[in-house]
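Visitor: Structure in structure tokens, see below.
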Amino acid sequence: MQKLMLQIPGWLSLLLLLLASCSSREEEIVLPEPAIIPLPVYMEVTNGSYTLTRHSAIRLQPATDDLLHIAGFLNEKISTATGFTLPVKKDGKIELILNENETLGEEGYTLSVTRLGVQITANQPAGLFYGVQSLLQLLPPEIKSTEKQITIKDWKIPAVEIIDKPQFAWRGLMLDVSRHWFTKEEVKRYIDQLAEYKMNVFHWHLTDDQGWRMEIKSLPELTAKGAWRAPRVGQWWQREPWQPGEATTYGGYYTHEDIKEVLAYAAERYVRVIPEIDVPGHSIAALFAYPQLACLKAPASVNVGEKFYTEVENSLCIGKAFTLEFMDKVLTEVAALFPDEYVHIGGDECYKGFWQKCPDCQRLMKKEGLKDVDELQSWFIHRMEDLLKEKGKKLIGWDEIHEGGLFPDVTVMSWRGMEGGIKAAEAGHHVIMTPASHCYLDLYQGEPSVEPDTYSMARLTDSYHFNPVPEDVPEEMILGGQGNLWTESVPTFRHAEYMTWPRGWALAEVLWSGPVRNDWKGFIPRVEHHFERADQAQVNYARSMYNAIITPYLLPDDELIIELSTEIPGLDIYYTFDNTDPDRYTSLYREPLRVLKNATWLRVVTYRGEEPVGKVITLTIGELEKRAQSDRRPVIGNLTW
Ligand code: ACM
Ligand code: ZN
């Protein structure tokens, strides 16, 4: 070949090269097995496939604006990779059909792929949109590529019959844009990603101690001052506070125009946007912008991630008339901009110590006959209910708002476990379950020593085994569930993605497919397929499920024992105590380990067959002893010397 190339003229070799590269680009790509997340309610893989080519076309029935938008969305998603868009034609073989099939509800759909074409039917446009999302997941991962154009002549879609609809109406993700600032483009990207997995609620945590992020035209200082803080990195709660005279250059906020743009983008993806204005606690940024909101002394700056709780005021003063005027102005603009029926007013973790010392708060309590500061918080929440009702909105709050009684149409978001939600549901309130143990996406998702710093643990398996409906609670009271990404330790959008996926996929599956259908073993290969899709789309995600789980404990005589396990099946664990890197030629873990005499470190790694898949974890014996203190067990089973 080399010889031949030397003998032929330059132009011909160039042509040959070009032809060779074209033929490799034209190879057929077909998925072996559909790997749809969330798993459809009913799916049958049939024979053959439909070939999507540049000559394919879409048929809409009826050709309304909604359906045209969905066709546009499909084209937007496939065009980068395929290099073509599909026209809308009367005889198109990719059919999107609205057909009053009420059994499919608001969001259900059917998807039929045969050799002859693709047909998606639904009762409502949202269902067609979800049918399109399933169709996109049937295409090869390359379809998700965001930048490179890959010209593969034939895009094969495996033949399937799907009938699908969600278990829960509320399938949400929350992004905290206060602790760290995320641009409107990043917010849109997040919304696009959650919609791909058929989630339909974006909860936008817009205000907190570390930044006020929504323009309020009638209160301009909120963003002129409250959206900006001194730049810092490093561990949250350990940071140096703002220094007098220091420039506050970190932050940002969304103008009304930005918010409208995000809302339009979300609406095209059938995603509801729930704004959260977190009051009366979590309000340093507001108190700094408008010191009249403080009980005794307003904070000197927006918080940068330094310790302050109980020392610096961060709750609105309830006793000052200005506070209700302030909230009226804020909620007037929020209600006018956001179309959803709900506004989230926070209500969580409110420190009430300054209310006890504040003459204005004490005067109000006396006047209203409120016996303690808990009743003062409840009085405030009732005023928020009044304000929102006037503006045609319903109130959602974190589960603390239930303490002190609520109007019947208030909805409770349960985060301190399920108990708050259970009590609220029993009292007749709608509930969204988002217990930290399963739904907090800011927590560690695997062995902490190889994860970015955070606190506590919620593994992929915890998210996957989430059941939003507790026993004995009427199912109709539980609207659904939600993953929450608090961003104290999430400084970049790339890291927001890392924390969200794949746990967000697990939550999407529980909330769409239903917890009773969960199939952890079957979920993992689908997750791995979606890792590939995410790689193509340059979306970040965590591979923490591959890392070993290290569980040290103490025997009654204080001897340290180390149990190793894996979150997913089919992995082998190798370890060393001799300060060398473990690999598949070092000791294979079979049973709980005794620590070798004088060992200083344990090192562990996981393999799948011959491939290392997990990170190397290195822990000192001292650290293992510290972790073991809370776990003492009797001797059982075999122990390895
Ligand atoms: C919360 O995590 N404070 C709702
Ligand atoms: Zn006060």
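Visitor: How big is Rg to Rh over the chain, alpha-carbon atoms, Rh as the Kirkwood inverse-mean-distance radius?
Guide: Working: Rg = 27.8 Å, Rh = 27.3 Å.
Rg divided by Rh gives 1.02.
Visitor: Tell me, how many Å apart are the Cα centres for the stretch 292-354 and for the stretch 540-618?
Guide: What the calculation gives is 47 Å, centre to centre.
Visitor: So what does log10 I(q)/I(0) come out to for the stretch 420-510 at q = 0.12, 0.19, 0.22 Å⁻¹, using the Debye formula with one equal point on every Cα and no solvent?
Guide: So the normalised log intensities work out to -0.40, -0.83, -1.00.
Visitor: So, in Å, what gap is there between the alpha-carbon centers of the stretch 45-92 and the stretch 217-280?
Guide: Using only Cα atoms to place each centre, the spacing works out to 39 Å.
Visitor: Write down, largest first, the equivalent ellipsoid semi-axes of the stretch 475-625 in whole Å, where each equals the square root of 5 times an eigenvalue of the alpha-carbon gyration tensor.
Guide: Semi-axes (√(5λ), whole Å): 33, 19, 17.
Visitor: Count the net charge of all other residues whose Cβ sits under 11 Å from the Cβ of residue 206, scoring Lys and Arg as +1 and Asp and Glu as -1. Numbers along the way, then the final one.
Guide: Details: positive: 213; negative: 176, 208, 215, 276, 278.
Net of charged neighbours comes to -4.
Visitor: Counting only heavy atoms of protein chains, what accessible area per residue, in Å², does the stretch 517-577 have with a probe of 1.4 Å?
Guide: With all protein chains present, the stretch 517-577 gives 34 Å² per residue.
Visitor: Oh, and also: Need the C-alpha centroid separation for the stretch 420-443 versus the stretch 448-477, integer Å.
Guide: Using only Cα atoms, the two centres lie 11 Å from each other.
Visitor: What is the percent carbon and sulfur in the accessible area of the chain, measuring with a 1.4 Å probe over the protein chains and ignoring ligands?
Guide: Working: 14300 of 26910 Å².
In the chain, the share of accessible area belonging to carbon and sulfur is 53 percent.
Visitor: I've got another one for you. Taking the radius of gyration and the Kirkwood hydrodynamic radius from Cα positions alone, what is the Rg/Rh ratio for the stretch 86-146, to two decimal places? Please report the intermediate quantities before stating the final value.
Guide: Numbers: Rg = 12.2 Å, Rh = 12.2 Å.
That ratio is 1.00, to two decimals.
Visitor: Could you work out how much longer the chain between residue 65 and residue 610 gets when fully extended? Use 0.36 nm per residue separation minus the Cα distance between them, nm to one decimal.
Guide: Numbers: separation 545, 0.36 × 545 = 196.20 nm, distance 5.31 nm.
Working it through step by step, the gained length comes to 190.9 nm.
Visitor: Kirkwood Rh and Cα-based Rg: tell me the resulting Rg over Rh for the stretch 119-271, rounded to two decimals.
Guide: Numbers: Rg = 20.5 Å, Rh = 18.6 Å.
Ratio value, two decimals: 1.10.
Visitor: Please compute the per residue accessible area over the stretch 60-192 with all protein chains in place, 1.4 Å probe, rounded to a whole number of Å².
Guide: Details: 4950 Å² over 133 residues.
Heavy-atom SASA per residue in the stretch 60-192 reads 37 Å².
Visitor: What number comes out for accessible area per residue over the stretch 401-469 if the probe is 1.4 Å? Units Å², please. Kindly include the intermediate steps, with their values, before the conclusion.
Guide: Details: 2410 Å² over 69 residues.
With the other protein chains kept in place, the stretch 401-469 gives 35 Å² per residue.
Visitor: How much of the DSSP beta bridge set in the chain is antiparallel, as a percent to the nearest 5? Provide the component values of the computation, followed by the final result.
Guide: Values: 45 of 93 bridges.
Beta bridges within the chain, antiparallel portion: roughly 50 percent.
The values are calculated or read from the model by the stated rules, or taken from the named source; none is laboratory data. Since this is a predicted model, take the numbers as computed values, not measurements. Reconstructed Cβ throughout: ideal geometry from the backbone, glycine too, with neighbour counts over all protein chains shown. We work out accessible area using only protein heavy atoms, side chains counted, and drop any ligands, DNA or RNA first. Shrake-Rupley method; radii C 1.70, N 1.55, O 1.52, S 1.80 Å.
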